[in-house]
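Here's the structure, in structure tokens; my notes come after.
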Amino acid sequence: MEISEIKQRLNITTVLQHYGLKPNKTNHIKCPFHKGDKPSCRIYLSTNTFHCFGCGATGDQIEFIEKHEKCSKHEAILKAKELIPVSTDVRPYVSTAKFIVSEAELPTTTNNTEILTQAFTHFARSLNAKPKKAIEYLESRKLNHKALSIGYDAGTLHKAEDTTNKQKQAYLQAGLLKPDKFGRENSFYTRFNNCIVFPLLDKNGNIASLYGRHIEQGHHYLHGKHKGLYPGCPSEGTTKLILTEAIIDTATLLQIPKVTKDFSILALYGTNGFMEEHRQAIAEWAELKPTSAEAPVGREVILFFDGDEAGTNATKEIAAELKRINEKLQISVVETPEGEDVNSLSIGHESKIFTHLLDNKKPVESANNHQSPIENNQLKVTPDYIFYETNTLQITLWGGIELHQISRLRATLHIQVKMHGRASQPYSPSFRDTVDLYSHSQSEKLIRQSSEKLEVSTTVVTHAITELTKELEKYRQQKREEKRQQEQEQQLQNKDIFTKEQIQQAANFLRNPELTKESFAMFGKLGLIGQQKNGMLLFFIFLTRLFKNPLHAIVMGSSGSGKIHLLQGVANTVPKQHINVTTSLSENTLYYTPKDFLKNKILLQEDLDGAYNLSSI
């Protein structure tokens with residue numbers, strides 16, 4: 001359930017009742033977040049929010065729970081879910097428009113699939129009429145509407161002559177129509193107006209929901225939690241499943257017969273959109289037995305996400321989750337070129353690029369090694385904070401510490417007193433400050449002020465801060481040593497070593513009378529479809545690194561034209577130890593570079609501004 005749906009279903013009055021609070025006639029309560037006898041906290045029932053004019057506390061119903069429980073945002077959301085009244089799970093749509101239908105005509109949840117099917121049929125017919133804007137958008141995305149099960153909402157769902165009042169009310173309750181913003185009688189507008197509409201199917205192949213991709217910008221779903229999968233549950237006859245980050249990416253791959261022949265494809269709802277229905281479908285698919293004796297026993301999931309930081313992070317998280325679903329699953333990842341996604345690759349390249357990328361997929365390393373707290377003597381280290389405790393105090397360092405800077409030890413501390421040997425109770429005193437623990441004056445000030453605020457002796461605080469500093473130093477030194485080892489291992493991995501046989505094969509290739517022709521053919525095998533000539537030219541320029549006066553090149557093109565893919569493809573033909581990749585260089589960078597560090601090397605500058613800066617040095 002999304003946060004927006006929780007807020008829609010949970011009134012702030014329900015939250016107040018749970019904590020035994022009741023607003024007075026002017027919708028004020030005594031603020032539970034500070035001491036005071038006057039009702040200084042105003043409750044705004046129309047917006048489900050609150051604001052205290054005494055302490056300044058403000059927020060919505062979830063933030064009220066978070067402050068009252070003194071818990072995290074995630075825990076507050078879980079608590080809010082528990083407080084949602086059961087009667088509000090399914091509630092009829094209340095239209096502000098003057099549109100009256102008898103109670104017998106109201107649709108039930110059992111025929112929701114039928115309503116969605118009727119609506120999608122209308123959208124499909126609208127697209128078959130080839131509306132100009134919709135067709136132009138699909139062509140710009142390289143999507144063939146004849147090959148895909150898609151539709152288009154032209155805003156006419158409720159305007160057809162044969163549409164009855166019962167159908168209109170059904171569309172309203174399903175969220176396909178919205179009442180007119182000005183309250184005009186019998187007037188509506190469609191939810192997916194100017195959207196390409198995709199059907200989301202349940203495990204029986206019925207339409208469970210719809211997704212709209214606006215032809216200008218934006219994503220649109222029906223209200224409530226996501227339902228259904230696109231294009232549906234994985235096929236029983238395939239043992240390989242591709243997961244994409246977006247529905248439009250899956251639609252792109254569905255048009256390629258060489259892909260659909262060997263793979264099932266399933267779309268997520270974004271990097272954070274790996275839903276329970278996805279998990280259930282994959283779990284059932286993973287347990288299926290091969291349909292033929294020749295089929296491999298194992299089942300493989302291939303993660304084909306965007307070539308950006310969000311895609312990389314999602315790969316690690318979802319790979320770990322897939323292993324929890326079924327530890328026997330083989331998990332691979334497609335290395336999408338930086339700045340690209342499945343659809344953009346389709347626009348800028350021929351379809352062969354997808355078979356090339358899928359043929360070169362790589363297993364996800366340590367997919368099950370998800371980040372978990374690390375115990376380091378008395379330190380508990382997580383990605384967000386470091387936790388330390390003594391018999392009297394517990395200290396949280398939010399944001400951790402700097403690992404690269406060893407001349408200081410700057411930390412944001414939250415110090416609390418433990419009650420009866422346990423974690424702090426509600427309303428127990430606490431102290432927060434940001435200090436450099438290597439600074440004597442700052443440490444002395446921290447000890448003095450925190451001991452006064454917490455009503456603890458300075459001896460106790462001094463001992464805690466001293467021991468904490470020692471533990472942090474050990475932890476930082478340990479992490480720095482681990483980083484050094486990783487860098488050494490990375491350097492060995494990034495060095496290509498050739499056998500005598502490989503060197504002899506290369507020498508024979510260079511003596512080939514058809515050297516140019518053979519080289520051109522090899523660049524085609526690298527996946528540089530339509531870019532063989534540019535690839536060869538760039539490769540020959542790379543070879544001049546061995547000359548006294550080497551050449552340089554600037555690769556220019558519009559966004560999504562495949563510049564990075566071209567550079568990376570040609571760079572893969574050169575020994576790794578001969579290439580240095582960067583996005584920007586300054587004068588100081590080159591000034592402090594060791595002598596001959598760049599001799600006979602390729603300096604690959606992937607940013608245009610950085611290239612201009614480099615040329616001016």
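Just a few scattered comments:
- Among residues of segment 230-254 being under 18 Å from A286 (Cβ atoms) and in contact with a strand residue (DSSP E or B) (Cβ under 6 Å, 6 or more places away or on another chain), the one that is surrounded by the most Cβ atoms within 10 Å (Cβ to Cβ) is I242.
- Scanning segment 553-571 for residues that are touching a residue at least 24 places away in the same chain (Cβ under 8 Å) and either surrounded by 12 or more Cβ atoms within 10 Å (Cβ to Cβ) or not in a loop (DSSP other than H, G, I, E, B) (or both) yields G560, S561, G562, I564, H565, L566, L567, Q568, G569, V570, A571.
- Residue, nearest to K227 (Cα to Cα), within segment 1-50, restricted to residues that are aliphatic (A, V, I, L, M) and not in a helix (DSSP H, G or I): M1
- Filtering segment 141-153 for residues that are open to solvent by less than 70 Å² (accessible area, probe 1.4 Å) and at pLDDT below 80 leaves an empty set.
- The set of residues from segment 9-49 being under 20 Å from L78 (Cα atoms) and touching a residue at least 24 places away in the same chain (Cβ under 8 Å) comprises R9, L10, N11, I12, T13, T14, V15, L16, H18, Y19, N48, T49.
- None of Y211, Y269 is under 25 Å from the mean Cα position of the chain (by Cα), assigned to a strand (DSSP E or B), at pLDDT 85 or above and among the hydroxyl-bearing types (S, T, Y) except Y211.
- All positions within segment 296-307 that are closer than 22 Å to N343 by Cβ and either over 10 Å from the mean Cα position of the chain (by Cα) or open to solvent by less than 30 Å² (accessible area, probe 1.4 Å) (or both): V301, I302, L303, F304, F305, G307
- The residue that is nearest to E276 (Cα to Cα), counting only those in segment 306-343 that are among the hydroxyl-bearing types (S, T, Y) and either touching a Pro at 6+ places or on another chain (Cβ under 9 Å) or not in a helix (DSSP H, G or I) (or both), is S332.
- Qualifying positions in segment 417-433 - open to solvent by less than 60 Å² (accessible area, probe 1.4 Å) and at pLDDT 90 or above: F431, D433
- Filter result for K258 (among the basic types (K, R), more than 20 Å from the chain's Cα centre (by Cα) and not in a loop (DSSP other than H, G, I, E, B)): yes
- Residue identified as modelled with pLDDT under 80 and aliphatic (A, V, I, L, M) among A134, A160: A160
- Residues in segment 381-416 that are open to solvent by 70 Å² or more (accessible area, probe 1.4 Å) and not in a loop (DSSP other than H, G, I, E, B): E389, W398, R410.
- Output for segment 493-551, where each listed residue is closer than 23 Å to L345 by Cα, assigned to a loop (DSSP other than H, G, I, E, B) and open to solvent by less than 50 Å² (accessible area, probe 1.4 Å): G527, L528, I529, Q531
- Residues in segment 81-114 that are at pLDDT below 85, in a helix (DSSP H, G or I) and either open to solvent by less than 30 Å² (accessible area, probe 1.4 Å) or not acidic (D, E) (or both): V86, S87, T88, A104, T109, T110, N111, N112, T113.
- Matching entry among V574, V581 (being open to solvent by 80 Å² or more (accessible area, probe 1.4 Å), under 14 Å from K601 (Cα atoms), of a type in the set (A, V, I, L, M) and modelled with pLDDT under 85): V581
- Screening segment 9-38 for residues that are touching a His at 6+ places or on another chain (Cβ under 8 Å) and of a type outside the set (A, V, I, L, M, F, W, C) and picking the one that is least open to solvent (accessible area, probe 1.4 Å) gives P32.
- Filtered by the rule that a residue be of a type in the set (D, E, K, R) and closer than 17 Å to Q217 by Cβ, segment 120-160 gives K133, E136, R141, D153.
- Apart from one condition, L303 fits all of (1) assigned to a helix (DSSP H, G or I); (2) modelled with pLDDT of 90 or more; (3) closer than 30 Å to G557 by Cα; the exception is (1).
- Conditions (1) open to solvent by 40 Å² or more (accessible area, probe 1.4 Å); (2) closer than 27 Å to K81 by Cβ; number of the one not met by C41: (1)
- Lone unmet requirement of (1) open to solvent by 10 Å² or more (accessible area, probe 1.4 Å); (2) touching a strand residue (DSSP E or B) at 6+ places or on another chain (Cβ under 8 Å) for P257: (2)
- Flag for I215 being open to solvent by 10 Å² or more (accessible area, probe 1.4 Å) and of a type in the set (A, V, I, L, M, F, W, C): yes
The values are calculated or read from the model by the stated rules, or taken from the named source; none is laboratory data. Just so you know, these numbers come straight off a predicted model, no measurement behind them. We place every Cβ from the backbone using ideal geometry, glycine too, and count neighbours over all the protein chains shown. What goes into the accessible areas is simple: the full protein's heavy atoms, side chains included, and nothing from ligands, DNA or RNA. Shrake-Rupley method; radii C 1.70, N 1.55, O 1.52, S 1.80 Å.
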